[in-house]
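First the structure, in the form of structure tokens, and then the observations on it.
The values are calculated or read from the model by the stated rules, or taken from the named source; none is laboratory data. Quick caveat: nothing in here was measured; it's all calculated off a predicted structure. Cβ placement follows ideal geometry from the backbone for every residue including glycine, while neighbour counts extend to all protein chains displayed. Heads up: the accessible areas ignore ligands, DNA and RNA and are worked out on the full protein's heavy atoms, side chains in. Shrake-Rupley method; radii C 1.70, N 1.55, O 1.52, S 1.80 Å.
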Amino acid sequence: MQRKGKDRSRPLLTGSPLLLLLALLAIGGLWFLNREPTYRDLAYGSLMHICKADDPTARFQKVLVRKNSEIKGELLVTDTISNGSLTPEKLSESIPFRTRIGLASDEELMKRLDQRSASYQGDEERPLLESVQAILMGFLLFLPVLLFGFFLMRWMAGGGGALTFGRSKHKLYAQKDRRVTFEDVAGIDEEVAEPREIVDFLKTPEKYQALGGRIPKGVLLVGPPGTGKTLLGKAVAGEADVPFFSMSGSDFVELFVGVGASRVRDLFNQAEAQAPCIIFIDELDALGKTRAGMSLGGHDEREQTLNQLLVEMDGFDSNRGVIIMAATNRPETLDPALLRPGRFDRTVVVDRPDVSGREAILKVHTRSVKLSDDVDLRHVASLTPGSAGADLANIVNEAALLAARKNRNAVSMADFNEAVERGALGLERKSRIMTPEDKLRTAYHEGGHALVACALPNTYPVHKVTIIPRGLALGYVLSRPEDDRHMQTKGELESTIKVALGGTLAEEIVYNEIATGATSDLNKVNSIARKMVKMFGMSRLGRIFYSDESNSQFLGGSPFEGGREYSEETAREIDLEVRKIVDDALVEVRQILVERRAALDAVAKLLMEKETIDGKELREILEANYPGPKLVPASEAIKPVDALPEPPSEARESKAT
């Protein structure tokens, strides 16, 4: 069960200024529809004078005679005027009038009305039931408008009573609903230790307070998407025997200025009332973006909400047991005032797991999955480097769906391999029709990638080569590292560039021209070469950082456009260095493929027959068709410095001084 903060089950039609306003509008509308025209009071003597006068320009129409009450009607006055021409023009004016007089014995007036009015009729008093019926019919006409306005305001108020914009939208979880524990969080053991300490403080605060220590006021979880930040928050909720308030950062943001700040105050007021407790704010970047670049004196909604959050967090006494936890994958966009000690005292980086962590995550997600005996979760973990917990959960689910689609009793290793490839490249598209020429060109293209990868050092082992279209690719080479790598050397980057160029150069050697299928390869080559020159210092320009982008640490994008901090001449030199890296790689890759032309033809022929070959078959073809050395010499590496040179004597003397 989960409920929202305070009880909001108020009566539907009480305590709402909006409903009072709508009721007044409905009454006003009824009055407007049923109102009578403005009558001019006409004295009884004046009415008799008009009736007795033999004036053809004055006549009565729409006359209603109420018994013992009054006469209502219109006096039609016709006049002839000159409009500047020889033909005069007649104008008529209708004047509503009302004469209050008892008519019980006024027979003369009746005769006069017969002479001056085409017709008149008596207007009897309507009974009470008929009047009530008319009012009810008018109210029913306005009832849809009332209901529409009422539900519109309830929707704008976020499900609460009308005009309750300032109330917090948090969810307060009951203990029996917290089904996620720390046992469900795998692969990030070091990161789990921090939330465990918070839970331990909430359960036994005297252990920390006896030594004068205090728990951090706030803990910020940062990391790439899908690594388990929100899952950690759920685990804390499941382990802690205290109230757990959960809210998204976007729930604070509203159209109306001041609403978000009111919600922040309401959330923290309720948290203080139920301390000790935990407040978890997911996607904090939606609320706490930096105020840099805003116009001076701005008072927009987001800024006021952030200011209120800063005040509330800084005003807490941590020993009272109110702890703030937040999660974001864009820490570079957060306001520095929000990240300072005293608000978020501790930042926990939840990074992508290594191979052992991925294996542990796969074990958690396969608890309820029936696996066959050939499934090796360690091998699946080695095939998914760089995958987050959400990616691995999706792979397990895809493998289970594939096995169920094939009516199997258990999930096999083949299902996991297919799920890994589907997650990396997309669905297999065997229905795509390719001409024999395109298919053969694709075979040579993918064979070129595979042969260069097998011929170079510092490359990942090739597991599979196929020309079956998958996703947007007409074919692909599947290669995976044997272990997790956190850094890459210059030689490894150069080998990656050469492998990417192997496909287009294989087409050039065989067909003397290239096709349009190498766009992604060339994009990858350009990206790596530019990073080598501008970011990694792997060129003749030296160890200088030239990058003009402020990339997101965990999302890989560029949230801010950075200005270029180098001249046009330097930009030209960067372009020349990038071209040199690519040109040198082209020369070496062309030589590799020319020497292995027989192996290239054999690989393309086998791909045309089988459409897919594995790494073992590729190595057998290479051994049978190329008797030379299996690896080409690596590019010259930077030699390590055995000992630093002695400084000049002048430098030694100045240092001593």
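Checked against (1) open to solvent by 30 Å² or more (accessible area, probe 1.4 Å); (2) modelled with pLDDT of 85 or more, Val350 meets all criteria but (1). The residues in the stretch 439-495 that are without any contact (Cβ under 8 Å) to a residue 12 or more places away in the chain and of a type in the set (Val, Ile, Thr) can be counted, and the count is 0. Would you pick out the residues in the stretch 426-435 that are in contact (Cβ under 8 Å) with a residue 12 or more places away in the chain and surrounded by fewer than 13 Cβ atoms within 10 Å (Cβ to Cβ)? If the condition is that a residue be in contact (Cβ under 8 Å) with a residue 12 or more places away in the chain and surrounded by fewer than 13 Cβ atoms within 10 Å (Cβ to Cβ), then Leu427, Lys430, Arg432 are the ones that fit. Do the conditions hold for Ala455, that is, is it more than 30 Å from Glu577 (Cα to Cα) and either touching a helix residue (DSSP H, G or I) at 6+ places or on another chain (Cβ under 9 Å) or surrounded by fewer than 19 Cβ atoms within 10 Å (Cβ to Cβ) (or both)? Considered against the rule, which asks whether it is more than 30 Å from Glu577 (Cα to Cα) and either touching a helix residue (DSSP H, G or I) at 6+ places or on another chain (Cβ under 9 Å) or surrounded by fewer than 19 Cβ atoms within 10 Å (Cβ to Cβ) (or both), Ala455 comes out as no. If you filter the stretch 566-607 down to residues that are over 30 Å from Ala624 (Cβ atoms) and in a loop (DSSP other than H, G, I, E, B), you find that the one that is modelled with the highest pLDDT is Ser567. Taking first residues from the stretch 187-214 that are of a type in the set (D, E, K, R) and partners that are open to solvent by 50 Å² or more (accessible area, probe 1.4 Å), the Cβ contacts under 6 Å between residues at least 6 apart in sequence or on separate chains come to Arg214/Asn319. Could you list all residues from the stretch 386-421 that are touching a residue at least 40 places away in the same chain (Cβ under 8 Å) and open to solvent by less than 50 Å² (accessible area, probe 1.4 Å)? Within the stretch 386-421, Ala388, Gly389, Ala410, Val411, Ser412, Met413, Phe416, Val420, Glu421 meet the criteria. Applying the set (1) under 28 Å from Gly357 (Cα atoms); (2) in a loop (DSSP other than H, G, I, E, B); (3) at pLDDT 80 or above; (4) open to solvent by 40 Å² or more (accessible area, probe 1.4 Å) to Ala186 leaves exactly one unmet item: (4).
Looking at (1) in a helix (DSSP H, G or I); (2) within 23 Å of Leu338 (Cα to Cα), find the lone condition where Glu206 falls short. Here Glu206 clears every test but (2).
Rundown of residues vs (1) among the aliphatic types (A, V, I, L, M); (2) more than 23 Å from Arg179 (Cβ to Cβ); (3) touching a helix residue (DSSP H, G or I) at 6+ places or on another chain (Cβ under 8 Å); (4) at pLDDT 80 or above, yes/no style:
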residue: Gly213; (1), (2), (3), (4): no, yes, no, no
residue: Val219; (1), (2), (3), (4): yes, no, yes, yes
residue: Leu232; (1), (2), (3), (4): yes, no, yes, yes
residue: Ala240; (1), (2), (3), (4): yes, no, yes, no
residue: Phe252; (1), (2), (3), (4): no, yes, yes, no
residue: Arg263; (1), (2), (3), (4): no, yes, yes, yes
residue: Asp266; (1), (2), (3), (4): no, yes, no, yes
residue: Leu287; (1), (2), (3), (4): yes, yes, yes, yes
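Can you say whether Ile621 is at pLDDT 60 or above, closer than 17 Å to Leu456 by Cα, assigned to a helix (DSSP H, G or I) and not aromatic (Phe, Trp, Tyr), as far as the supplied structure shows? Answer is yes for this residue. For the stretch 549-565, the candidate set comprises residues that are in contact with a helix residue (DSSP H, G or I) (Cβ under 8 Å, 6 or more places away or on another chain) and surrounded by fewer than 17 Cβ atoms within 10 Å (Cβ to Cβ); within that set, the residue that is modelled with the lowest pLDDT is Pro559.
Per the listing Asn417, Asn397, the residue uniquely in a helix (DSSP H, G or I), at pLDDT 90 or above and under 31 Å from the mean Cα position of the chain (by Cα) is Asn397.
Condition (residue is among the small types (Gly, Ala, Ser), open to solvent by less than 40 Å² (accessible area, probe 1.4 Å) and either within 22 Å of Glu623 (Cβ to Cβ) or in a loop (DSSP other than H, G, I, E, B) (or both)) applied to the stretch 521-534: is it met by at least one residue? No, every residue in the stretch 521-534 fails to be among the small types (Gly, Ala, Ser), open to solvent by less than 40 Å² (accessible area, probe 1.4 Å) and either within 22 Å of Glu623 (Cβ to Cβ) or in a loop (DSSP other than H, G, I, E, B) (or both). Quickly run through the stretch 493-520 and pick out the residues that are open to solvent by 20 Å² or more (accessible area, probe 1.4 Å), part of a helix (DSSP H, G or I) and charged (D, E, K, R). Within the stretch 493-520, Glu494, Glu508 qualify. Annotation: Arg358 fulfils all but one of (1) more than 29 Å from the chain's Cα centre (by Cα); (2) surrounded by 13 or more Cβ atoms within 10 Å (Cβ to Cβ); (3) charged (D, E, K, R); the unmet one is (1). Taken over the stretch 237-256, the criterion of being open to solvent by 50 Å² or more (accessible area, probe 1.4 Å), under 20 Å from Leu338 (Cβ atoms) and assigned to a loop (DSSP other than H, G, I, E, B) is satisfied by Val253 alone.
Residues in the stretch 566-593 that are over 41 Å from the mean Cα position of the chain (by Cα), among the aliphatic types (A, V, I, L, M) and farther than 25 Å from Pro436 by Cβ: Leu586, Val587, Val589, Ile592. With respect to the conditions (1) part of a helix (DSSP H, G or I); (2) modelled with pLDDT under 85, Ile323 lacks only one, and its number is (1).
Table: residues versus (1) of a type in the set (A, V, I, L, M); (2) modelled with pLDDT under 85.
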{"residue": "Arg429", "(1), (2)": "no, yes"}
{"residue": "Ala453", "(1), (2)": "yes, no"}
{"residue": "Leu478", "(1), (2)": "yes, no"}
{"residue": "Arg485", "(1), (2)": "no, yes"}
{"residue": "Thr489", "(1), (2)": "no, no"}
{"residue": "Glu494", "(1), (2)": "no, no"}
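Of the residues screened, Val452 is one that is assigned to a helix (DSSP H, G or I), within 15 Å of Leu618 (Cα to Cα) and of a type outside the set (Gly, Ala, Ser). In the stretch 522-542, which residues are within 24 Å of Gly503 (Cα to Cα) and free of Cβ contacts under 8 Å to residues at least 40 places away in the same chain? Across the stretch 522-542, the qualifying residues are Leu522, Asn523, Lys524, Ser527, Ile528, Lys531.
Condition (residue is within 30 Å of Thr442 (Cβ to Cβ), modelled with pLDDT under 95 and hydrophobic (A, V, I, L, M, F, W, C)) applied to the stretch 531-546: is it met by at least one residue? For the stretch 531-546, residues within 30 Å of Thr442 (Cβ to Cβ), modelled with pLDDT under 95 and hydrophobic (A, V, I, L, M, F, W, C): present. Taken over the stretch 215-236, the criterion of being among the aliphatic types (A, V, I, L, M) and more than 14 Å from Lys203 (Cβ to Cβ) is satisfied by Val219, Leu220, Leu221, Val222, Leu231, Leu232, Ala235.
Among the numbered criteria (1) more than 25 Å from Ala240 (Cα to Cα); (2) modelled with pLDDT under 85; (3) open to solvent by less than 20 Å² (accessible area, probe 1.4 Å), which single criterion is violated by Thr366? The number of the failed condition is (2). Checking each residue in the stretch 456-478 for being within 15 Å of Arg619 (Cα to Cα) and under 32 Å from the mean Cα position of the chain (by Cα) picks out only Leu478. Looking only at the stretch 217-236, residues that are open to solvent by 10 Å² or more (accessible area, probe 1.4 Å) and either among the small types (Gly, Ala, Ser) or closer than 19 Å to Glu312 by Cβ (or both) come to 3 in all.
Cβ separations smaller than 7 Å between residues 6+ apart or across chains give the following pairs from the stretch 263-274 residues that are among the aliphatic types (A, V, I, L, M) to residues that are part of a helix (DSSP H, G or I): Val264/Phe252; Val264/Thr305; Val264/Gln308; Val264/Leu309; Val264/Glu312.
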